[in-house]
Every structure is written in C-alpha cells, then in structure tokens.
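The values are calculated or read from the model by the stated rules, or taken from the named source; none is laboratory data. Treat the numbers as computed from the prediction; the structure is a model and nothing was measured. In this analysis, Cβ positions are derived from the backbone assuming ideal geometry, glycine residues included, and neighbour counts consider all displayed protein chains.
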Amino acid sequence: MKEQRIITLTTDFGLKDSSVGKLKAILYSSLPYAEIVDISHAVSPFHIIEASYIIKNAYRPFPSGTIHILGIDSENTLENDHLLVQMDGHFFICADNGILSLIASEIKPDRIIRISNINTSKTPFPELTFAHIAAQLVNGASPESLGESISNLRYTQETEPVVNSEKDQIIGYVLYIDHYGNVVTNIKKRFFEDTAKGRNFLITARAAKFREIYSTYSDAIDFSLQKEVREEDGKKLAIFNSAGYIELAVYKSNHSTVGSASALFGLSLRDTVTINFS
C-alpha cells in the first residue's frame with residue numbers, strides 16, 4: 001500500500017451544489033489512498049480574509065507534509081496566479097490573492113512556486129487544477145517541477161490593526177464571525193499588550209463597550225454567587241480567544257435564545273473596533 005497522505009479542503013463552495021463532491025472525486029481518482037479532510041466549505045463567498053483566519057487556525061495540528069487546498073477566489077487571471085507554497089512544514093495550493101496573509105505575516109515561506117507546468121487555463125472550476133497539483137506532489141513531483149520560483153506572496157495589509165498615536169488608540173476591525181455569532185477582531189493579544197503597556201483601556205464596537213479582557217468565557221462569570229442571582233447566559237464579554245485575538249462574545253451565545261454577539265452588538269465583517277487608552 002502506498003503511503004497515506006492528508007489533503008485538506010477549505011472553500012467557499014457551500015454544501016448545496018456538486019462542487020465539493022466533484023473536487024473529492026478528482027482527488028480520489030488520482031489518489032485512492034489519500035485521506036481528505038474538510039476544514040470548511042462555509043467561507044463567505046470570495047472572502048479571502050475570513051478564509052485566511054480559518055486556515056491559519058486549523059493547519060498546524062496536521063502532520064508535516066499535509067497538503068492544504070484553498071478554493072476561494074481562485075480563478076486564474078493576470079492578477080491572480082496559482083501558487084504552491086511550502087511553509088511551516090506544510091504545502092498550500094491557492095491563488096495569489098492574499099489568502100495566506102495571516103500565516104505569512106508570522107512565518108516566512110520556504111518556497112513559493114508559480115504554477116506553470118500544469119494547465120491553468122481559464123475554467124469555471126480552477127480548484128480542479130489544484131487537485132491535479134496535489135496529485136503530482138503526492139506522486140513524487142518536486143515543487144520546482146511544477147512551475148517557477150518567485151520571491152513574494154501577495155500580502156493583504158488589511159489584516160493588520162493600526163495605532164493612532166494622536167488619539168492614543170488602536171483601530172481594528174471585525175475579522176471573523178464564528179458559528180456562535182461571536183465576533184473576532186484582527187487585534188492580536190501581543191499587539192494589544194505592546195501598545196497598552198499596562199494602561200486602562202476601553203474597547204468600543206458600535207454601542208458595545210468593554211474595560212476588561214478575560215482568558216476564557218467562564219472567567220467572566222462569578223460562580224461564587226447563587227445561580228439565580230449571578231449574571232450568566234447573555235453576559236457580554238471580551239476575551240483573548242484560542243487563536244490569540246481579541247474576541248467580543250456573549251456567554252453561551254445562542255441565536256434562538258439569548259442572541260449572538262454579532263446580532264446584539266450590531267456588528268458585521270469589517271466593522272470598526274477601537275481601543276482607547278488612558
């Protein structure tokens with residue numbers, strides 16, 4: 001039996017259409033021993049920053065050598081080359097549209113290959129090209145045999161918050177909204193702490209305001225109080241989430257009962273979040 005290889009899929013295809021099944025069919029036809037793992041097919045259409053956040057926080061636990069196919073805004077154009085990127089022990093196959101910005105801002109790629117030795121002609125389903133690239137890798141092709149080496153990825157600066165020194169504040173935005181409706185900002189813990197330097201702060205996102213950031217959701221609840229008097233379900237809070245970003249949340253958020261943070265705070269993707277210091 002051939003060595004088993006893991007290939008992950010992250011797309012904005014959704015699950016209604018045949019696209020996910022067709023992509024897997026191509027992979028299994030070429031690689032019957034591959035293990036295919038779905039990371040997400042619910043990325044907002046063409047939303048490369050949302051996809052970047054998802055893959056950044058999913059790829060590391062996979063074994064070294066895993067191949068990650070990223071199918072978001074992948075049509076091959078003069079401004080959107082197809083790439084094979086080797087980084088942090090993993091391979092990423094995607095378009096050069098900024099989708100790897102969150103990873104590449106922290107880790108330098110080992111190799112960036114602009115795909116040229118596999119047919120990348122225009123097609124309404126360019127991810128099938130990605131499947132063929134993955135098959136070539138698994139079957140022993142070297143990355144260099146698949147195209148030409150280039151020096152840089154396209155990097156999306158929008159993923160970084162900024163500091164307004166005149167107003168002594170951080171200006172960020174909503175990077176991601178999770179399944180529970182909790183709101184992830186693009187402000188990382190280290191960036192916040194380096195700017196705050198231990199000072200008091202006020203996080204403002206529309207009408208929502210926070211003066212404390214917790215380490216976990218339950219840290220915001222005073223469990224020493226009797227259940228009937230303590231503030232619990234629906235409590236608004238800010239935390240440093242497991243990915244190291246400031247997240248604005250509602251304790252035990254539920255769209256049908258207490259409501260989600262995004263709905264209660266009136267926040268959508270790219271809405272502004274500010275932190276003022278005093």
When residues of region 6-50 are limited to those that are among the polar types (S, T, N, Q) and at pLDDT below 95, the one surrounded by the most Cβ atoms within 10 Å (Cβ to Cβ): SER19
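Mind listing whichever residues of region 155-184 are in contact with an Asp or Glu (Cβ under 7 Å, 6 or more places away or on another chain) and assigned to a strand (DSSP E or B)? Working first, answer last.
So in region 155-184, the residues in contact with an Asp or Glu (Cβ under 7 Å, 6 or more places away or on another chain) come out as 173-174, 176, 182-184.
Listed by number, the residues that qualify are TYR173, VAL174, TYR176, VAL183, VAL184.
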In region 250-266, the residues that are more than 21 Å from THR216 (Cβ to Cβ), modelled with pLDDT of 70 or more and assigned to a loop (DSSP other than H, G, I, E, B): GLY266
Any chance TYR155 is touching a helix residue (DSSP H, G or I) at 6+ places or on another chain (Cβ under 8 Å), touching a residue at least 60 places away in the same chain (Cβ under 8 Å), surrounded by 13 or more Cβ atoms within 10 Å (Cβ to Cβ) and farther than 27 Å from SER29 by Cα: no
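Restricting region 224-249 to residues that are assigned to a loop (DSSP other than H, G, I, E, B) and modelled with pLDDT of 80 or more, which is surrounded by the fewest Cβ atoms within 10 Å (Cβ to Cβ)? Can you show your working first?
Step one: filter region 224-249 for residues assigned to a loop (DSSP other than H, G, I, E, B), giving 224-235, 241-244.
Right, trim to modelled with pLDDT of 80 or more and you get 235, 241-244.
Numbers: LYS235: 16, ASN241: 20, SER242: 9, ALA243: 16, GLY244: 14.
Filtering first and then ranking leaves SER242.
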Selection count where residues are within 15 Å of the chain's Cα centre (by Cα), in contact (Cβ under 8 Å) with a residue 24 or more places away in the chain and assigned to a loop (DSSP other than H, G, I, E, B), scope region 96-110: 5
Any chance ASN97 is modelled with pLDDT of 90 or more and within 19 Å of ILE49 (Cβ to Cβ): yes
